[in-house]
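The values are calculated or read from the model by the stated rules, or taken from the named source; none is laboratory data. These figures come from a predicted structure and were not determined experimentally. Here the Cβ is made from the backbone with ideal geometry for all residues, glycine too, and neighbour counts use every protein chain on show.
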Amino acid sequence: MGSSEPKGFGGEGVQPGAGDGRGEGHPEPARWLDNLAPYDPVSSLEKIWARPQQVPFKLDWNESTIPPSPGVYQAIVRFLSHSNHLNWYPELGSRSLCHALSAYVDLPPEDILVTNGSDDALELVCKTYLEPGNKFVVPMPTYTHFLVYVEARGAEVVPFYSSDLFDAGVDDLADVISDDTKLVYLVNPNNPTGVTYRADRVARLLERYPRTLFLVDEAYFEFHGESVVGLVGHFDNIVVTRTFSKCFGIAGLRMGYLCTGPATMRQLKKLFNPKSVNRLGQIAAMACLQDLEYYRNFVREVTEAKEIFRSAMARRGLNVIVTPANFVNMKVPDPARFCLLLEEEGIYVRDRSSLPRMESYVRVSIPSVSQVHEVIRRIDRVLARL
Ligand SMILES: Cc1ncc(COP(=O)(O)O)c(C=O)c1O
């Protein structure tokens with residue numbers, strides 16, 4: 001080896017595998033990641049696969065409980081029958097889908113950006129707008145995964161607790177936001193509380209804080225039916241995100257989108273990767289939009305099933321808070337044991353009792369009407385054992 005060999009290339013210096021902490025001879029990650037732990041997703045899939053003989057009810061992540069429209073499968077099969085299509089990159093910028101979405105959201109295609117799930121859109125906003133020390137306001141509890149994106153940017157989280165867990169408390173929220181708030185995250189309807197934000201109330205926030213970006217996550221829009229997306233054409237400081245993972249039933253294909261005006265879109269496109277959205281997802285999402293009646297029918301089913309579930313549980317002495325989304329919150333005496341016993345019955349729900357002010361609550365995604373009757377039957381078996 002020559003004397004010009006740089007340090008650390010097998011000579012003196014770095015000891016490979018000598019621990020992974022800071023200052024121990026390893027590449028150092030950004031300082032603001034110090035407080036983060038690797039994301040540890042809690043998925044019921046492995047448990048479901050371990051019990052192949054049981055019909056499962058996956059009610060923990062608010063996915064659809066029915067397959068997507070038959071048109072989705074037909075479109076994918078048609079696409080795959082052209083043998084050379086998978087070796088090409090996807091349609092850059094999902095242009096065809098932006099045009100189809102334009103009619104769906106009633107905005108010009110230029111105001112729409114299709115992303116790899118709406119998580120991708122949420123992260124893009126954080127990467128583009130947040131830097132260490134920025135103030136970020138969020139009503140709590142919220143969609144917890146979003147906080148990872150904020151913390152990964154080193155921003156300071158300012159939590160807002162409404163006096164009533166199930167009311168937005170927008171007036172109080174307005175006073176927590178200040179001129180130096182960089183970003184506000186509103187989930188409409190909120191996961192997990194179901195709290196909603198009316199467009200006129202959000203418009204007042206946008207007017208009062210023009211230098212603050214308001215990120216409104218409408219993952220559950222289709223179930224609620226009300227949206228703030230109409231504000232996009234009038235204000236520069238709003239981004240609305242949506243997804244195909246919930247009502248449209250293609251969570252496994254990772255399709256989402258955001259809507260915003262030209263000024264913010266220009267900034268977001270600086271970091272956006274136009275080939276990050278997969279081709280099968282693009283095809284499937286187009287097919288979803290061509291069969292809206294199928295999805296309207298599913299929303300009607302879920303709406304009916306929510307009430308069937310609520311009244312059935314009330315008769316059994318359990319309090320269910322119905323939300324405008326496809327999930328409810330149910331108060332149970334021992335959430336951890338309740339969830340465990342439910343799993344033995346093949347029902348997977350989300351224990352939310354560790355969230356602030358959600359003690360005793362489990363969140364249950366609501367399926368179709370015929371499915372909810374079977375869910376209630378299985379819950380009865382669990383209640384007999386509690
Ligand atoms: C409020 C909210 N936003 C975003 C997501 C993630 O959606 P996607 O599958 O589009 O990334 C979820 C998923 O649970 C959610 O509840």
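Quick one: is Gly169 within 16 Å of the ligand (Cβ to nearest atom) and not aliphatic (A, V, I, L, M)? Criteria not met by Gly169. Of the residues making up region 43-96, those that are part of a helix (DSSP H, G or I) and surrounded by 16 or more Cβ atoms within 10 Å (Cβ to Cβ) are Ile48, Gly71, Val72, Ala75, Ile76, Phe79, Gly93, Ser94. If you filter region 224-251 down to residues that are within 16 Å of Ser64 (Cβ to Cβ) and part of a helix (DSSP H, G or I), you find that the one that is nearest to the ligand (Cβ to nearest atom) is Ala251. Among the residues making up region 206-223, those that are among the acidic types (Asp, Glu) and either surrounded by 24 or more Cβ atoms within 10 Å (Cβ to Cβ) or assigned to a loop (DSSP other than H, G, I, E, B) (or both) are Asp217, Glu218. All of Thr212, Thr181, Thr243, Thr196 fail the test of being under 18 Å from Ile112 (Cβ atoms), of a type in the set (Ser, Thr, Tyr) and touching a residue at least 12 places away in the same chain (Cβ under 8 Å), apart from Thr243. All told, Leu107 falls short of being surrounded by 16 or more Cβ atoms within 10 Å (Cβ to Cβ), within 21 Å of the chain's Cα centre (by Cα) and either in contact (Cβ under 8 Å) with a residue 24 or more places away in the chain or at negative phi (or both). Taking the condition in contact with a His (Cβ under 6 Å, 6 or more places away or on another chain), of a type outside the set (S, T, N, Q) and at pLDDT 95 or above, does Pro189 pass? Criteria met by Pro189.
Assess whether Ala121 counts as being assigned to a helix (DSSP H, G or I), within 16 Å of the ligand (Cβ to nearest atom) and touching a residue at least 24 places away in the same chain (Cβ under 8 Å). Spelling it out, Ala121 is indeed assigned to a helix (DSSP H, G or I), within 16 Å of the ligand (Cβ to nearest atom) and touching a residue at least 24 places away in the same chain (Cβ under 8 Å). Looking at Leu271, Leu258, which is the one that is within 16 Å of the ligand (Cβ to nearest atom) and hydrophobic (A, V, I, L, M, F, W, C)? Testing whether each residue is within 16 Å of the ligand (Cβ to nearest atom) and hydrophobic (A, V, I, L, M, F, W, C) leaves just Leu258.
The listed residues are Val232, Val228, Val202, Val216, and the only one of them that is within 21 Å of the chain's Cα centre (by Cα) and either under 15 Å from Leu101 (Cβ atoms) or acidic (Asp, Glu) (or both) turns out to be Val232. A count restricted to region 97-118 and to residues that are among the aliphatic types (A, V, I, L, M) and away from the ligand (no atom under 16 Å from the Cβ) stands at 3.
Scanning region 129-165 for residues that are away from the ligand (no atom under 12 Å from the Cβ) and among the aromatic types (Phe, Trp, Tyr), we see that the one that is surrounded by the fewest Cβ atoms within 10 Å (Cβ to Cβ) is Tyr161. Within region 133-150, residues that are without any contact (Cβ under 8 Å) to a residue 60 or more places away in the chain sit with their Cβ atoms under 7 Å from residues that are charged (D, E, K, R) and within 11 Å of the ligand (Cβ to nearest atom), at 6+ positions apart or across chains, in these pairs: Tyr149/Glu123. Condition check: in contact with a Leu (Cβ under 8 Å, 6 or more places away or on another chain), within 16 Å of the ligand (Cβ to nearest atom) and of a type in the set (A, V, I, L, M, F, W, C). Does Leu183 satisfy that? Yes. No other residue among Gly249, Gly261, Gly233, Gly256 is surrounded by fewer than 17 Cβ atoms within 10 Å (Cβ to Cβ) and of a type in the set (Gly, Ala, Ser) apart from Gly233.
Among the residues of region 158-176, write down those that are part of a helix (DSSP H, G or I) and over 22 Å from Pro324 (Cα atoms). If the condition is that a residue be part of a helix (DSSP H, G or I) and over 22 Å from Pro324 (Cα atoms), then Asp172, Ala174, Asp175, Val176 are the ones that fit.
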